[in-house]
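The values are calculated or read from the model by the stated rules, or taken from the named source; none is laboratory data. From a predicted model like this one, the values you see are computed outputs, not experimental measurements. Positions of Cβ are backbone-derived with ideal geometry, glycine not excepted, and every protein chain shown enters the neighbour counts.
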Amino acid sequence: MVSPLIVALDVPTQSEAADLARLLQPYVGGFKVGLELLMGEGPAAVSRVIEVGSPVFVDAKLHDIPNTVARAARRLGEIGARWVTVHASGGEEMVRVATEALAESSEGRAGALAVTVLTSLDQNGLATTGVERILGDQVAAMAELGARAGAEGVVCAVTEAPLVKGSGLDLTIVTPGIRPAGAESSDQRRVATPGAAIEAGADLLVVGRPITAAPDPVAAAITIAGEIASAISGA
């Protein structure tokens, strides 16, 4: 990969997504297709971005009965997704069948990423869902579940990345909620700078609006990729 930087293509149409991907492809490591594109344009949007030539992370956040999740994961593996997110809170069996379906349909090229606790939740928000654990403990528990189920990695906030890194689990750590210093956090609660994410042990960093909504997305991507490269060199 050119960089650990994954750009979230949170735009309404596949044409916009493909145009952005082509523009940014030389400077970043891959792209994320999320629910806005999936619900509006369907899996064709994933295929369109894959054609650009970089790895594509499909943030489908699958969470249903195991049979349904396996069928959805198999379809995304068939069209070329490199990673697909599944909610670890759906249970170990659900994550396992998603992992197996992805591997089978992609001939081993695709992996599942287990979502631990959304970065839009803080401790109080987590408690309203009925989870009584401390937020960090919940992230650790979901990461362990993902590892047992065969997930390639986990999605967690930078604040909890050291817990996952220090657990000794063989997992790729993907961190959303990345914001350059001074940027607005918007609807995210647990955010961090690119440098802090690398220091915390993140392997892939997901950045959306600070790049896609910037007046010059290429300049923004180059700046953030540079921050990441400097942090890696320093580490």
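Output the number of the condition that VAL49 fails; it satisfies all remaining conditions of (1) out of contact with any Phe, Trp or Tyr (no Cβ under 7 Å at 6 or more places or on another chain); (2) crowded, with 20+ Cβ neighbours inside 10 Å; (3) β-branched (Val, Ile, Thr).
With respect to (1) out of contact with any Phe, Trp or Tyr (no Cβ under 7 Å at 6 or more places or on another chain); (2) crowded, with 20+ Cβ neighbours inside 10 Å; (3) β-branched (Val, Ile, Thr), VAL49 is out only on (1).
Inside segment 1-21, can you point out the residues that are surrounded by fewer than 19 Cβ atoms within 10 Å (Cβ to Cβ) and farther than 25 Å from ALA202 by Cα?
The answer is PRO12, THR13, SER15, GLU16, ASP19.
State whether one or more residues within segment 56-65 are among the aliphatic types (A, V, I, L, M) and in contact with a Phe, Trp or Tyr (Cβ under 9 Å, 6 or more places away or on another chain). First the steps, then the outcome.
Taking segment 56-65 first, the residues among the aliphatic types (A, V, I, L, M) are 56, 58, 60, 62, 65.
Checking which are in contact with a Phe, Trp or Tyr (Cβ under 9 Å, 6 or more places away or on another chain) leaves us with 56, 58.
Checked segment 56-65: at least one residue is among the aliphatic types (A, V, I, L, M) and in contact with a Phe, Trp or Tyr (Cβ under 9 Å, 6 or more places away or on another chain).
Inspect all residues belonging to segment 102-115 and state whether any of them is part of a helix (DSSP H, G or I), touching a Leu at 6+ places or on another chain (Cβ under 9 Å) and modelled with pLDDT of 95 or more. Can you show your working first?
Of the residues in segment 102-115, the ones part of a helix (DSSP H, G or I) are 102-105.
From what is left, the residues that are touching a Leu at 6+ places or on another chain (Cβ under 9 Å) are 102, 105.
If we keep only those that are modelled with pLDDT of 95 or more as well, we get 102, 105.
Yes: one or more hits.
If we keep just the residues of segment 132-151 that are surrounded by fewer than 18 Cβ atoms within 10 Å (Cβ to Cβ) and hydrophobic (A, V, I, L, M, F, W, C), which is nearest to THR172 (Cα to Cα)?
Filtering segment 132-151 for residues that are surrounded by fewer than 18 Cβ atoms within 10 Å (Cβ to Cβ) and hydrophobic (A, V, I, L, M, F, W, C), the one nearest to THR172 (Cα to Cα) comes out as ALA141.
Is it true that some residue in segment 5-15 is touching a residue at least 60 places away in the same chain (Cβ under 8 Å), part of a loop (DSSP other than H, G, I, E, B), small (Gly, Ala, Ser) and in contact with a strand residue (DSSP E or B) (Cβ under 9 Å, 6 or more places away or on another chain)? Step through it out loud before you land on a result.
First pass over segment 5-15, keeping only residues touching a residue at least 60 places away in the same chain (Cβ under 8 Å): 5-11.
Okay, now just the ones that are also part of a loop (DSSP other than H, G, I, E, B), so 9-11.
Narrowing the set further to residues that are small (Gly, Ala, Ser) leaves none.
Looking for residues that are touching a residue at least 60 places away in the same chain (Cβ under 8 Å), part of a loop (DSSP other than H, G, I, E, B), small (Gly, Ala, Ser) and in contact with a strand residue (DSSP E or B) (Cβ under 9 Å, 6 or more places away or on another chain), one finds none in segment 5-15, hence no.
What number goes with the only condition from (1) surrounded by fewer than 21 Cβ atoms within 10 Å (Cβ to Cβ); (2) at pLDDT below 95; (3) touching a strand residue (DSSP E or B) at 6+ places or on another chain (Cβ under 8 Å) that ALA157 does not pass?
Among (1) surrounded by fewer than 21 Cβ atoms within 10 Å (Cβ to Cβ); (2) at pLDDT below 95; (3) touching a strand residue (DSSP E or B) at 6+ places or on another chain (Cβ under 8 Å), the lone unmet condition for ALA157 is (1).
Would a scan of segment 75-83 turn up a residue that is without any contact (Cβ under 8 Å) to a residue 40 or more places away in the chain and on the phi > 0 side of the Ramachandran plot?
Within segment 75-83 (the criterion being without any contact (Cβ under 8 Å) to a residue 40 or more places away in the chain and on the phi > 0 side of the Ramachandran plot), the answer is yes, since at least one residue qualifies.
State the number of residues belonging to segment 200-229 that are at pLDDT below 95 and charged (D, E, K, R).
2
Inside segment 25-94, counting only helices (runs of 4 or more DSSP H) that do not spill past its ends, which hold 1 or more residues that are in contact with an Asp or Glu (Cβ under 9 Å, 6 or more places away or on another chain), closer than 15 Å to ARG109 by Cα and among the small types (Gly, Ala, Ser)? So that I can check it myself, show each step before the final result.
Working: elements: 35-41, 43-50, 66-79.
In segment 25-94, the matching helices (runs of 4 or more DSSP H) lie at 66-79.
Look through GLY42, GLY91 and report the one residue that is modelled with pLDDT under 95, over 18 Å from the mean Cα position of the chain (by Cα) and surrounded by fewer than 19 Cβ atoms within 10 Å (Cβ to Cβ).
Checking each option against the conditions leaves just GLY42.
So which residues in segment 166-195 are farther than 23 Å from GLY34 by Cβ, at pLDDT 85 or above and of a type in the set (Gly, Ala, Ser)? Give the derivation first.
Of segment 166-195, the ones farther than 23 Å from GLY34 by Cβ are 166-170, 181-182, 195.
The next check asks that each one be at pLDDT 85 or above; those that pass are 166-170, 195.
Passing the criteria: GLY166, SER167, GLY168, GLY195.
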